[in-house]
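In what follows, a structure is listed as structure tokens, so that the remarks can point back to it.
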Amino acid sequence: MGRPRVLLADDHVSLMDAFRKLLEPEFEAVGTVSDAQALLVAAWQFQPDLIVVDIGLPFLNGMEAGRKLKKLLPRTRLLMVAMNEDASVAVDALREWEAGFLLRKSAGAELIYAIHELVPGKAFVAPTVPQPLEPEFKHPGVQSDKILTRRQREVLQLLAGGLTMKETATTLKLTPRTIAFHKYKIIQDFGLHNNLDLLKLAIREHLVTPE
């Protein structure tokens, strides 16, 4: 059996170059792409064993790209790379992808180990993810799609309270991309259509009070 084939998807070119150099001794880096549309094309073209996906890919967020990839190439393993330790993002990734979650700040040290774990079919979660959520990673299907996570409740409360996504990101010490991801997930999971629906959900969840 040859070396595992890995496709890299990240809009930080310098980081992808560093990943490629890091992987080349043990893996075959079949290609690099910098947006989600190019990722879907390259994934079908190369059909790699594993894809490293940045959650903040342009044109289509990394989670949605991963969802499409699982339908397109169900046997290909997926490893999400995120900027922060927001554990609820990792829970969503593992529940939907059944693969891995890696923090960008520790990717250099953990990338090779993560791939070695994922290619044979195991899951991988960055060691810095909060310990209390580990059972959710081991049994990712337990969490209901109709229950707001702690982080989703925080995001929804602030957005429904009138803060912009940028202001919400600053308040929670997250990136605007992460806030946008959580908003998208809430809308998708609860079948919402607009900001008014978000407000109604926040009222129903007792996160804000009707005026």
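The values are calculated or read from the model by the stated rules, or taken from the named source; none is laboratory data. None of these values were measured; they are calculated from a predicted model. Cβ: placed from backbone, ideal geometry, glycine included. Neighbour counts: every protein chain shown.
Of the helices (runs of 4 or more DSSP H) entirely within the range 117-181, those holding at least 2 residues that are assigned by TED's automatic domain parsing to the domain that holds N194, modelled with pLDDT of 80 or more and over 21 Å from L57 (Cα atoms) occupy 150-160, 165-172.
Pick out, from the range 18-86, the strands (runs of 3 or more DSSP E) lying fully within it that include 3 or more residues that are within 18 Å of the chain's Cα centre (by Cα). Of the strands (runs of 3 or more DSSP E) lying wholly inside the range 18-86, those with at least 3 residues that are within 18 Å of the chain's Cα centre (by Cα) span 50-54, 77-82.
Looking at the structure I just gave you, is D92 modelled with pLDDT of 70 or more and either surrounded by 14 or more Cβ atoms within 10 Å (Cβ to Cβ) or over 27 Å from K173 (Cβ atoms) (or both)?
Working: modelled with pLDDT of 70 or more: no; either surrounded by 14 or more Cβ atoms within 10 Å (Cβ to Cβ) or over 27 Å from K173 (Cβ atoms) (or both): yes.
So D92 does not fit the description; no.
Condition test on D35, is it modelled with pLDDT under 95, touching a Pro at 6+ places or on another chain (Cβ under 8 Å), surrounded by fewer than 19 Cβ atoms within 10 Å (Cβ to Cβ) and not assigned by TED's automatic domain parsing to the domain that holds T175?
Working: modelled with pLDDT under 95: yes; touching a Pro at 6+ places or on another chain (Cβ under 8 Å): yes; surrounded by fewer than 19 Cβ atoms within 10 Å (Cβ to Cβ): yes; not assigned by TED's automatic domain parsing to the domain that holds T175: yes.
Taking the combined requirement at face value, the residue satisfies it.
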